[in-house]
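First comes the structure, then the notes that go with it.
The values are calculated or read from the model by the stated rules, or taken from the named source; none is laboratory data. Fair warning: this is a prediction, and the values are worked out from it, not measured in the lab. Reconstructed Cβ throughout: ideal geometry from the backbone, glycine too, with neighbour counts over all protein chains shown.
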Ligand SMILES: [Mn+2]
């Protein structure tokens, strides 16, 4: 099966449109899965002091029409966590965010945002919390990467990388600003790092 993994959209409608069009062009049959940080929270981490806002709209970047593009299943990221922390009144957008899972599974792969572990400590965290996961897709750092058994493997756009070894960790990069996504072929056991060009 083919999966298109994308995330760290941070409410960037233009970048998301470009990536979705690229997926339609390159892999129209792929199942799209989001890796979190769909929306951008406008209140920064350092400005959290227990305050509650009446509506989600007051704490997110919310361009018109972005919701309509977010039709694919996704996990939550740290932006969604913060949005939920800053609000409590039930409303459709909040219920949607609240219903996002921490992980999703795509054939043999586990998908998780990546804010769960300290920077550069994916291997140790995964060994403790997801010991069974042989293939992990994540985002969060906005920096594409491919790690096989703890060793970083250089990536190049469009080229296939074979999934070998006991644990492969794939950072799918970011939609916002970079227009990056990853195509995972679970049958051929490979991934391709993709990037939609600017129009
Ligand atoms: Mn994040």
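Odds and ends about this structure:
- Where a residue in the range 73-92 is within 23 Å of residue 32 (Cβ to Cβ) and its partner, wherever it lies, is away from the ligand (no atom under 14 Å from the Cβ) and in a loop (DSSP other than H, G, I, E, B), with Cβ under 8 Å and at least six apart: 75/101; 76/101; 83/59
- Residue count for the range 8-37, restricted to those that are in contact (Cβ under 8 Å) with a residue 60 or more places away in the chain and on the phi < 0 side of the Ramachandran plot: 15.
- Residues in the range 60-69 that are within 16 Å of the ligand (Cβ to nearest atom) and surrounded by fewer than 18 Cβ atoms within 10 Å (Cβ to Cβ): 61 only.
- Looking only at the range 93-111, residues that are touching a residue at least 60 places away in the same chain (Cβ under 8 Å) and closer than 18 Å to residue 135 by Cβ come to 6 in all.
- The residue of the range 77-112 that is nearest to the ligand (Cβ to nearest atom), among those that are assigned to a loop (DSSP other than H, G, I, E, B) and in contact with a helix residue (DSSP H, G or I) (Cβ under 7 Å, 6 or more places away or on another chain), is 100.
- Any hit, the range 121-132, residues being without any contact (Cβ under 8 Å) to a residue 40 or more places away in the chain and either assigned to a strand (DSSP E or B) or closer than 21 Å to residue 10 by Cα (or both): no
- Selection within the range 145-178 - over 26 Å from residue 10 (Cα atoms) and under 14 Å from the mean Cα position of the chain (by Cα): none
- If you go through the range 179-188 and pick out every residue that is outside any strand (DSSP E or B) and under 13 Å from the mean Cα position of the chain (by Cα), you end up with 1.
- Any hit, the range 48-59, residues being outside any loop (DSSP other than H, G, I, E, B), under 20 Å from residue 113 (Cβ atoms) and either under 17 Å from the mean Cα position of the chain (by Cα) or within 16 Å of the ligand (Cβ to nearest atom) (or both): no
- Residue that is within 16 Å of the ligand (Cβ to nearest atom), within 19 Å of the chain's Cα centre (by Cα) and over 25 Å from residue 27 (Cα atoms), where the choices are 115, 142: 115
- Exclusive hit being at pLDDT 95 or above, in a strand (DSSP E or B) and touching a helix residue (DSSP H, G or I) at 6+ places or on another chain (Cβ under 6 Å), set 169, 191: 169
- Test: residue in the range 18-27 that is within 16 Å of the ligand (Cβ to nearest atom) and modelled with pLDDT of 95 or more: no
- Inclusion of residue 136 among residues that are without any contact (Cβ under 8 Å) to a residue 40 or more places away in the chain, closer than 18 Å to residue 31 by Cβ, crowded, with 18+ Cβ neighbours inside 10 Å and within 16 Å of the ligand (Cβ to nearest atom) is warranted.
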